[in-house]
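Here is the structure we will look at.
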Amino acid sequence: MTAFVGLDGFVDEILHVVDKRENAEVYQRLPTIAQLGARLSAAAGKSANVELVNQITKLGGNGPIMANALASFGLKVTYLGVLGYPSLHPVFHDFAKRAEVHSIADPGTTDALEFEDGKIMIGKHGTLKQVTWENIQARFGRDRFFEKFGGSNLVGFVNWTMLPYMSDLWESILKEICPMMKGPRRILFFDLADPEKRTREDILRALELIGKFEQYFDVILGLNEKEAHEVGEVFGLKAAAATPEALAELGLSIAGRLKAGTVVIHPVAYALAINQGKVSMVEGPFTPKPLITTGAGDHFNSGFCLGRLLGLDNWMSVLTGVTTSGYYVRTAQSPTMAQLAAMMMEPAQKT
C-alpha cells in the first residue's frame, strides 16, 4: 500500500518546566498547565524566570509524525513538506531512510512544553509561508505531484491551520488535478490542527473545500475534542453536555454539514467515527502518566487510516487508531504492525 502525505514540517523540542531545582542534575517538574499559568499570572507587573529542560529533539509536524507512523506499519510512504532546503535538516535523516522524502523549504520549530494534563506548543512558523502551489510545482514538480496524488492508496493533507496558503492550494488541486484523475476511489485524510487562531471565514472556506473533495475521494476529517467544538461553533453548533454521547451528537451534526464521508473525533480517553449517520465509539488504552503526548493525535490518525486501508469497518478502524496512539504515548515510538496487533490483543489476554 502507498501513502502520499504533506505538507508541513517542524523540529520539535520536547520540554519540561522546572518547578524546583535541587542541584545541577536533579529538579522537580512543574506537573500541570494550571500551575504554570498561576506562576505566569503572578509575574504580571514584575518579572519571572522559567527554566525549560529538553527531553528530546525530534522530527515534528503533523505530517512527518503521521507519515513516519505509516512507514513503521510497512506502507510505502512519499512525504512532501518543509524539512530543509536545499538539504534536509538532520532531524529528518532517519525519516528519509523509511520514506521517500521531498522538501521545498526549511522546517518550522516548536517548543512543546509537556505536562501531566496536556501540552503547550510554542511555534515559529515563518517558513511555512513557502508552502504554495507555485513552489510545489517549481521545487517538486507538477507531473510528480499528479503521479503521487493521483495514484496513492492514501493521501493526507494535515496542519491546515499553520499553512496559510493551504486553502488556495486545495482550490488549485480541485480545479487543475482532480478532474484529470482516473481509477478507483481512494482515501483522502484531512487534519485542521487546532484552527482556533484562524478566522471563522477561513475555517468555513477550508471545510467547504474539504467537502468538495468527496466527489473524487473517500474523505476523512480528523478532529481532536477541542477542534470538534471549534468546528461546531463555526457551524453554529454546540455540544449539549460534556459527555461522550453529547460529543457524538455534535459529530453527527458536523458530519451532516460537512458533506464529507467520515468524521473522526479523538478525545484523550476514547475516540469515535461517524459515517452515514452511524457512530462507532471505542475506549482507548488510557494512561494517566504518558511518556510523551506530542504526536499522539497524529498516531491515532495513522492507525485509523491503516484500518480503513485494510478494509476494516469504522469500529475496528477506531480501535487500530486508539491502540496506535496508546502504544506511542507509552513508548515514544511508532508501533510496527506486529506490535500494534500484540497490543490490541492485551485486553483479551487479561480478561
Scan of the stretch 88-119 for residues that are part of a loop (DSSP other than H, G, I, E, B) and at pLDDT below 95, ordered by number: E116, D117
Restricted to the stretch 21-47, and to residues that are surrounded by 11 or more Cβ atoms within 10 Å (Cβ to Cβ) and basic (K, R), which residue is nearest to the chain's Cα centre (by Cα)? R29
Which residues, counting only those in the stretch 48-71, are more than 16 Å from the chain's Cα centre (by Cα) and either buried (at least 16 other Cβ atoms within 10 Å of the Cβ) or not charged (D, E, K, R) (or both)? A48, N49, V50, L52, V53, N54, Q55, I56, T57
Mind counting the residues in the stretch 149-174 that are assigned to a helix (DSSP H, G or I) and touching a helix residue (DSSP H, G or I) at 6+ places or on another chain (Cβ under 9 Å)? 11
Return a yes/no flag: does the stretch 132-154 have any residue that is touching a strand residue (DSSP E or B) at 6+ places or on another chain (Cβ under 7 Å), closer than 30 Å to E245 by Cβ and among the hydrophobic types (A, V, I, L, M, F, W, C). no
With respect to Y85, determine if the residue is open to solvent by 80 Å² or more (accessible area, probe 1.4 Å) and not in a helix (DSSP H, G or I). yes
List the pairs whose first member sits in the stretch 200-222 and is open to solvent by less than 60 Å² (accessible area, probe 1.4 Å), whose second member is in a helix (DSSP H, G or I) and among the aromatic types (F, W, Y), and whose Cβ atoms are under 8 Å apart, counting only residues at least 6 apart or on separate chains? A206/W170; L209/W170; I210/W170; F213/W170; V219/F213; I220/F304; G222/F300; G222/F304
Output the residue which, of all residues in the stretch 1-40 that are of a type in the set (D, E, K, R) and in contact (Cβ under 8 Å) with a residue 40 or more places away in the chain, is nearest to T161 (Cα to Cα). D8
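The values are calculated or read from the model by the stated rules, or taken from the named source; none is laboratory data. Model, not experiment: these values are computed from the prediction. Heads up, the Cβs are rebuilt from the backbone with ideal geometry, glycines too, and the neighbour counts pull from every protein chain shown. Areas reflect the complete protein model, heavy atoms only, side chains present, ligands, DNA and RNA absent. Shrake-Rupley method; radii C 1.70, N 1.55, O 1.52, S 1.80 Å.
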